Structure formats: C-alpha cells, structure tokens
Amino acid sequence: WSGSFRQAVDDPEGTRKRNLSSLLNVLAVGIPVVFSSTSLVYGGNLSHPCREDQDVSPRAPYGHQKLEAEGLVTAAGGCAVRVFNIYGTGSTDSAQIIPRLLASVASDQVVRLNGDGLQQRDFVHVEDAARALAGLVDCDIAGRVMNLSSGVGTTMLELVQLVFSIAGVEPQIEWKPAVAGEARVICGDPAALQAQTGWRPDYTLREGIQTLLTERP
C-alpha cells in the first residue's frame with residue numbers, strides 16, 4: 001500500500017488507482033490475505049469503543065480507499081484488520097503523535113496540543129501488532145473484519161505527561177484552538193481478534209514509551 005494520509009488528501013484519485021490496482025494484482029494470485037486497514041474507516045460514526053459491526057463513514061480519502069480495499073479483500077476470502085495507532089521502533093513520521101513527542105523531548109521543543117487535550121486515542125506497540133497479524137495467518141478468517149487495538153483510551157494530555165515524566169523532562173505546552181470536527185474518542189474493541197487468536201498486548205503504553213526512550217541515541 002503506497003501513499004500516506006497526506007498523499008491521499010493531495011492526490012486522492014492517483015493514490016486510489018495505484019493502491020487498488022496493486023491490491024487486485026495480489027488478490028489475483030488466489031491466496032487469501034490479511035490486509036492492514038485503518039481505524040479511519042469509522043469516520044464520525046464512533047461508539048466507545050468502536051466495534052466492527054457498527055456503521056462506518058470515513059471522512060478522508062485515505063479512509064475511503066482502505067474501506068474500498070476491505071471489500072475487495074473480504075470478498076476474496078481474506079481478512080481486513082482495522083489498525084489503530086501503531087507506534088514503536090523505526091517510526092519517525094512527524095504526523096504521528098508519539099514520534100513527534102520523542103523529537104520534542106530530544107530537542108527541548110514546545111509541544112502543541114489542540115483544544116483541551118482530552119481527545120482519546122488507542123495505542124498499540126508495533127511488536128504487539130506484528131504478533132497479532134501473524135497470529136491470524138493460520139486462523140479461519142475468511143471474510144472477516146477485525147480491530148487491532150488495545151481497547152484502552154489515552155488522552156493527548158496524558159500521553160504528553162507520560163512521555164515527559166519517563167524522560168525526566170518538564171513539558172512546555174502551547175495550547176492551540178480545537179480542530180473542527182476532530183473526534184473526541186477513537187478507541188477500538190479488540191474482542192473479535194482476541195477471541196480468534198487469544199492475542200493480548202505484551203506492552204503497556206508506559207512500557208512501550210520506556211523502550212523507545214531507552215533506544216534513543
């Protein structure tokens with residue numbers, strides 16, 4: 001799957017054609033796949049936590065493309081996994097909150113929070129995510145859609161305080177206006193995945209952050 005969230009916004013039709021064409025080539029081989037989708041397919045239709053059987057209404061091109069791909073994958077006998085906020089070693093994407101906070105710790109930068117900072121998100125360590133996906137390979141998953149999430153919501157303010165307290169640094173927070181239309185809570189129910197595979201995350205968010213801070217050069 002090529003193209004980031006921002007690339008899908010800037011070139012929605014181009015990224016859609018490339019991604020779906022590549023996916024169709026993979027599906028043509030005739031082997032069921034485990035496809036990494038996104039929690040963004042839920043859009044504004046959010047119960048707490050999100051369940052796979054609720055209505056979906058993606059707001060952005062990236063979510064629309066992933067939802068369309070889900071339909072192709074499940075129709076071909078594969079499984080679509082709606083991934084929530086994955087973090088861990090090797091992630092340097094400044095569009096993601098945890099890499100951004102780690103960069104702020106390293107360079108003593110100001111942290112910007114929107115609104116009241118009480119927006120909740122669901123974080124999963126990349127090693128836990130890899131185990132979950134690998135665990136689905138040998139399961140009866142034809143046509144299934146599942147959340148890959150911790151089921152635990154963490155506010156942006158809690159996350160900032162956690163990262164900086166582990167680092168032993170006092171955060172400098174700059175408060176920005178709330179983002180219009182931003183979801184207050186995006187947290188997934190992992191019950192279906194857990195029932196299918198027995199998966200549970202090994203890392204708490206604190207443990208995952210501690211690992212990342214330890215790995216810093």
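Rule-based calculations on the coordinates, nothing more; no lab input. Computed from a predicted structure; not experimentally measured. Don't worry about glycine lacking a Cβ; one is built from the backbone with ideal geometry, like all the others, and counts go over all protein chains shown.
A few comments on the model shown:
Rundown of residues vs (1) out of contact with any Asp or Glu (no Cβ under 7 Å at 6 or more places or on another chain); (2) not aliphatic (A, V, I, L, M), yes/no style:
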{"site": "Ala80", "(1), (2)": "no, no"}
{"site": "Ile86", "(1), (2)": "yes, no"}
{"site": "Arg100", "(1), (2)": "yes, yes"}
{"site": "Val110", "(1), (2)": "no, no"}
{"site": "Ala130", "(1), (2)": "yes, no"}
{"site": "Val137", "(1), (2)": "yes, no"}
{"site": "Leu148", "(1), (2)": "yes, no"}
{"site": "Leu157", "(1), (2)": "yes, no"}
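- Subset of the stretch 105-132 that is over 19 Å from Arg206 (Cα atoms) and among the acidic types (Asp, Glu) - its residue that is surrounded by the most Cβ atoms within 10 Å (Cβ to Cβ): Asp116
- Residues in the stretch 198-217 that are touching a strand residue (DSSP E or B) at 6+ places or on another chain (Cβ under 9 Å), surrounded by 14 or more Cβ atoms within 10 Å (Cβ to Cβ) and not hydrophobic (A, V, I, L, M, F, W, C): Pro201, Tyr203, Gly208, Thr211.
- When the stretch 107-136 is filtered for residues that are more than 14 Å from the chain's Cα centre (by Cα) and under 25 Å from Val56 (Cβ atoms), the ones remaining, listed by number, are Asn114, Gly115, Leu118, Gln119, Gly135, Leu136.
For every residue, the table says whether it meets (1) of a type outside the set (D, E, K, R); (2) on the phi > 0 side of the Ramachandran plot; (3) surrounded by fewer than 16 Cβ atoms within 10 Å (Cβ to Cβ).
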site	(1), (2), (3)
Gly3	yes, yes, no
Pro32	yes, no, no
Arg82	no, no, no
Ile86	yes, no, no
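- Restricting the first member to the stretch 69-89 and to residues that are over 12 Å from Ala129 (Cα atoms), and the second to residues that are aromatic (Phe, Trp, Tyr) and in a strand (DSSP E or B), the beta-carbon pairs closer than 8 Å and six or more apart or on different chains are Ala69/Phe35; Glu70/Phe35; Val73/Phe35; Gly78/Phe35; Cys79/Phe35; Ala80/Phe35.
- Residues of the stretch 157-191 satisfying the condition of being surrounded by 14 or more Cβ atoms within 10 Å (Cβ to Cβ), touching a residue at least 12 places away in the same chain (Cβ under 8 Å) and closer than 14 Å to Val111 by Cα: Leu157, Leu159, Val160, Leu162, Val163, Phe164, Pro171, Ile173
- Restricting the search to strands (runs of 3 or more DSSP E) fully inside the stretch 121-217 and requiring at least 2 residues that are out of contact with any helix residue (DSSP H, G or I) (no Cβ under 7 Å at 6 or more places or on another chain) and on the phi < 0 side of the Ramachandran plot gives 153-155, 173-176.
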